[in-house]
Amino acid sequence: MKFSHSIEINDPHNPHLAPLTRQQLWLGLVLRAEAPQLFMPQLDQCFLSDPTDTTVARALHYGNLVIRDRVIFDALQQVRFEVPAQGEIAASSLVMRIEEAQPGALSVRFEYDDGCDAATDAANEMYNEYRRATYHAADTDTVALIRELAAQGALVRPNP
């Protein structure tokens, strides 16, 4: 299943929506990768390893299920999650890309790819509809939490 959708961050026509800077949005997306428990309450634990300026490996613990992935950061542009095939889990990916159609008009494009071919996707269409709705709801919640954290002043880069 390949699924992509965009969530508008700044809407100049909606005065009730506090605008975010690219930096705030970026730090929020990074936080989703580095502190995923804030965004996924069903996650029991997350262990980070092998951090560099552009990547980190993670072990996500959901009860007895452990999913290992790698996160790749393209500063102020995108966060890419790559899950290699492991056990009964197929290879998959998620990209959260910051888009800016015009100056200040930020949005985030979420792109999911579960690695399945078209025939498998067709066979799983009913299940995939449910997954699309679940992903969209989770992504909407992510943006809401980023907004909340920004309003609290929690999305600022610490001074070195």
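Details
- Other residues whose C-beta falls under 14 angstrom from the C-beta of H61 contribute a net charge of 0, scoring Lys and Arg +1 and Asp and Glu -1.
- If you model the range 1-76 as an ellipsoid using its alpha carbon gyration tensor, with each semi-axis the square root of five times an eigenvalue, the axes come out at 28, 16, 12 Å, biggest first.
- Take each peptide in 41-49, 66-74, count the other Cβ atoms within 10 Å of every residue, and average; sorted highest first, the result is 66-74, 41-49.
- A straight line joining the Cα centroids of the range 74-94 and the range 107-136 runs 14 Å.
- Per residue, the accessible area of the chain comes to 59 Å², computed with a 1.4 Å probe over protein heavy atoms only.
- Equivalent ellipsoid, the range 1-131 (semi-axes from 5 times Cα gyration tensor eigenvalues, Å): 27, 21, 14
- Volume per residue of the convex hull around the Cα atoms, evaluated for the range 89-152, comes out as 109 Å³.
- Surface share of carbon and sulfur [accessible, 1.4 angstrom probe, percent] for the chain: 56
- Computed over neighbours whose Cβ is under 12 Å from that of E99, the net charge equals 0, Lys and Arg +1, Asp and Glu -1.
- Local charge for L155 was computed over the other residues whose Cβ lies under 12 Å away, with Lys and Arg +1 and Asp and Glu -1, and equals +3.
- Whole-Hz Karplus values for the range 70-87 come out as 10, 10, 10, 9, 10, 2, 6, 10, 7, 10, 10, 9, 10, 9, x, 4, 7, x Hz, taken residue by residue from phi with 6.51 cos²θ - 1.76 cosθ + 1.60 and θ = phi - 60°; glycine and proline positions read x.
- Restricting the range 76-160 to GluC sites (Glu not before Pro) in coil, as DSSP defines it, with at most 12 other Cβ within 10 Å: E88
The values are calculated or read from the model by the stated rules, or taken from the named source; none is laboratory data. Keep in mind that this is a model prediction, so the values were computed, not measured. Please note: Cβ atoms are built from the backbone with ideal geometry, for glycine as well, and neighbour counts cover all protein chains shown. Heavy atoms of the whole protein, side chains included, go into the accessibility calculation; ligands, DNA and RNA do not. Shrake-Rupley method; radii C 1.70, N 1.55, O 1.52, S 1.80 Å.
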